[in-house]
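The values are calculated or read from the model by the stated rules, or taken from the named source; none is laboratory data. Predicted, not measured: the structure shown is a model, and the values here were computed from it. Cβ placement follows ideal geometry from the backbone for every residue including glycine, while neighbour counts extend to all protein chains displayed. We work out accessible area using only protein heavy atoms, side chains counted, and drop any ligands, DNA or RNA first. Shrake-Rupley method; radii C 1.70, N 1.55, O 1.52, S 1.80 Å.
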Amino acid sequence: MHTRITKILASVTFVLAVLFGLAFLGTGFTHMLDDGAVCVETDFWQNASLADRVSTREGVQESSSATRLCQDGPSLGQRAADLGGELPWLLISSLALLLFSRLLKAVLQEGPFTHTVSKRLTVLGWFVTLGTPSAALVVGWSQSWLVGSMAPNVGSGPALEGPLVLVIPGLAAVIVGKFLADGVRMREDLEGTV
């Protein structure tokens, strides 16, 4: 299957995977060398009433929605926890795009209905299905720990932060990969009997 759109898409996904990988490395490297403040937002005090009245009309209630905490001269742990809010999604995105690019290259080389394509689609699906909650847990927990390190009365603990809806297309890719594998097996059986 040598369509122009598939070739272009395979190339574009590979380039995007490389760019996300470079962003992952660059962000990690430059952030660890940065000596600026580390900031994090928390909704721990969400819906808390404000101490000073904001100029609003009569009958309007005021509350805070998010609190931004910044630490000047952060510790190494705080800087690493701040990275935990960015790097997991860059890594997951880069690797998922790389797996998708490999899938498209297999489609170009062998056609869409082969064992290789079904295996690569299944691997991509499992990666997205398991990688999404893993990245969400790392991001949520690192942000929670960072808030707890700046405001000890808040505490920290496991939290999920990010688009968990990506688990659904990941599971769909696993299911379609299994269907493709069954279809390839049936086609081979049919070709063997004819």
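Report whether or not Ser142 is touching a Lys or Arg at 6+ places or on another chain (Cβ under 9 Å) and either over 30 Å from Thr67 (Cα atoms) or among the small types (Gly, Ala, Ser) (or both).
Details: touching a Lys or Arg at 6+ places or on another chain (Cβ under 9 Å): no; either over 30 Å from Thr67 (Cα atoms) or among the small types (Gly, Ala, Ser) (or both): yes.
No.
When Ala173 is tested against (1) open to solvent by less than 40 Å² (accessible area, probe 1.4 Å); (2) assigned to a loop (DSSP other than H, G, I, E, B); (3) aliphatic (A, V, I, L, M), just one condition goes unmet, and that condition is (2). Leu166 meets each of the listed conditions (1) more than 15 Å from Val40 (Cα to Cα); (2) not in a helix (DSSP H, G or I) apart from (2).
Being under 25 Å from Pro152 (Cβ atoms), among the β-branched types (Val, Ile, Thr), surrounded by 10 or more Cβ atoms within 10 Å (Cβ to Cβ) and at pLDDT 65 or above is the requirement here; does Val12 meet it? No, not satisfied. Taken over the stretch 99-114, the criterion of being open to solvent by 70 Å² or more (accessible area, probe 1.4 Å) and either assigned to a helix (DSSP H, G or I) or β-branched (Val, Ile, Thr) (or both) is satisfied by Arg102, Lys105, Gln109, Glu110.
Each row is one residue, and each column tells you yes or no for (1) at pLDDT below 85; (2) among the hydroxyl-bearing types (Ser, Thr, Tyr); (3) more than 20 Å from the chain's Cα centre (by Cα).
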residue	(1), (2), (3)
His31	yes, no, no
Glu41	yes, no, no
Gln46	yes, no, yes
Thr56	yes, yes, yes
Leu69	yes, no, yes
Leu103	no, no, no
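Here Leu130 fulfils each of the conditions (1) within 17 Å of Leu98 (Cβ to Cβ); (2) surrounded by 19 or more Cβ atoms within 10 Å (Cβ to Cβ) apart from (2).
Just so you know, in the stretch 142-160 the residues that are buried (at least 19 other Cβ atoms within 10 Å of the Cβ) and of a type outside the set (A, V, I, L, M) include one that is nearest to Pro74 (Cα to Cα), and it is Ser149. Of the numbered criteria (1) small (Gly, Ala, Ser); (2) open to solvent by 50 Å² or more (accessible area, probe 1.4 Å); (3) in contact (Cβ under 8 Å) with a residue 12 or more places away in the chain, the one Gly192 fails is (3).
Against the conditions (1) within 30 Å of Ser11 (Cβ to Cβ); (2) without any contact (Cβ under 8 Å) to a residue 24 or more places away in the chain; (3) hydrophobic (A, V, I, L, M, F, W, C); (4) open to solvent by less than 70 Å² (accessible area, probe 1.4 Å), Leu137 satisfies every one except (1).
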